[in-house]
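As structure tokens, the structure follows; a few thoughts come after it.
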Amino acid sequence: MRTRPRTAGLLLATALVTGAVSGTGTAAATPVTSPPGGTACLAGNTARPSCISGTLEDGTPYEFVVPARWNGTVVVALDFVGPGPGEPLTQRLLDDGIARGGTTRAVTGWDIRGAIDNQAEALAEFEAAYGPARRAIASGASMGGFVSAGAVQEHPDVFDAAVPMCGGLGGAVAQWNQKLDTVFVLEELVAPGLPVVDIGDVPTAREAWVRALTDAQQTPEGRARIALASAIGQLPAWGVRPDGTQPLPPDREDAAALEEGAFLALAGGPLPYIGQAMSSRATFTALVGGNPSWNTGVDYARQLRAADPMVRRAVRELYAEAGLDLGEDLDALAAAPRIAADPAAVERFSRGIVFDGDLQVPVLTMSGTGDQISTVTQQQYYESLVRRAGKGHQLRQTYTETVGHCTFSPAEQHAALRTMVRRLETGAWPATSASAMDRRAAALGAEPAPRFVEPALPRFNRPLR
């Protein structure tokens, strides 16, 4: 049975003494009319919600929106403060009688463990005002997805479940080892001298990388090598155009289309892979006081063999068209000096979270097949850890055929959360196949049409164990 953290118990006891919380508990099976603790907010909203907000011990703001007839379920997310109350997903959940709230990354940044602990502390503040939740679900997107998966690993006595969306579920160390591989190969073969781990000024580094990749894209040799680096890093061969438009999935038989998709994932759209590789690495390297990534001992020919077979075939075709010898480039990578990690930085970064797969509560993941930041092979790795720990019954994974980072529709997100609520209510998983998820999202008024799929996933090529 879930237990509230000690902080929540102390706060709740204080609130009961002062009369801030009524004696009507929200753990009852029926909704509670006019829950205590907050003030009226979102005027004109049919759910007649109340809101609470405040500041956690480390200075992080928190905020929750609670419908007048709260059914006892609360969803807690990173990045809620600010945009969260006005998001379409919030309105959908309020209409279901579900409270939604959480924190912001503005204080913790890449201090993932701090953000994880803040989710538990925010829930404690919520329960001090509204009483114990019947079901507390950690759920967020991007870093919020990563944090929600960490929250149930580190605080399974606090959260009943998690629905991580587009989170980097390779874990802090493994996912950034894989991203190092991509940038290392590009620096060796496409853009010698550009930063890999010592980023320096982030805007300058980002601009230099995008310019170098854009120039390389104009030549057959550059396109072949971009395809190789993307295959080794297991990027999607699908990306958003520089103007933000989203192309259809490329023809998987068309090597040129797959390479263009990989280039767009690397350097196109509002959040290019290479830009995030510069900005986030600079931030967490400063946080942990050194470089926590390495490629010592990595065999890049082997990494290529672990790539999507269709992408691997495209690499060979592009090398042949460019008149390049793929074996020579792989030999050059094998001979290139490697990057070693700072052991102390690795240890500190590992506190961010290294997933162990030992799930104590149910987890439902949702990921996009064309997500260039939180790639699908990271989700495969997470599933392998769970299976190895003997906890496969606790995990279900869903995927949407969407391009770009965290580009789910509100209805697709709503369908994922509805699925988890059903799992908690009944103790058994409802159907989570692509067709079942499509039907669930369609019934919730999906716009555009729901896009759940069941992709074949290559194995993650940079596991820690």
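Under 5 Å between amide hydrogens, built in the peptide plane, is the criterion, and for residue 399 it picks out 367, 453 among residues at least 5 positions away or on other chains. If only the Cβ of Lys and Arg carry +1 and only the Cβ of Asp and Glu carry -1, the dipole of the chain around its Cα centre is close to 1520 debye.
Proximity of backbone amide H atoms, modeled 1.01 Å from N, is registered between residue 168 and 146 at under 5 Å, excluding neighbours fewer than 5 places apart on the same chain. Computed over the chain, the percent of Cα pairs more than 28 Å apart is 51.
FRET efficiency for the residue 456 to residue 429 pair, using the beta carbon distance and R₀ = 22 Å, is estimated at 0.50. For the stretch 172-347, the Cβ-based charge dipole about the Cα centre amounts to some 360 debye (Lys, Arg positive; Asp, Glu negative; other atoms uncharged).
Calculated [222 nm] ellipticity per residue, helices only, for the chain: -14000 deg cm²/dmol; basis is -39500 (n - 2.57) per DSSP H run with n ≥ 4, divided by all residues, nearest 500. Projecting the Cα positions of 291, 344, 167 onto the charge dipole of the chain (unit charges on Cβ atoms of Lys, Arg, Asp and Glu, taken about the Cα centre) puts 167 furthest along the positive direction.
Net charge of the neighbourhood of residue 373, taken over other residues with C-beta under 15 Å away and scored Lys/Arg +1, Asp/Glu -1, is +2.
Read-outs throughout are calculated quantities, based only on the coordinates presented, and are distinct from any laboratory measurement. Being a predicted model, the structure only gives us computed values, none of them experimental. Cβ sites come from the backbone with ideal geometry, for glycine too, and all protein chains shown count toward neighbours.
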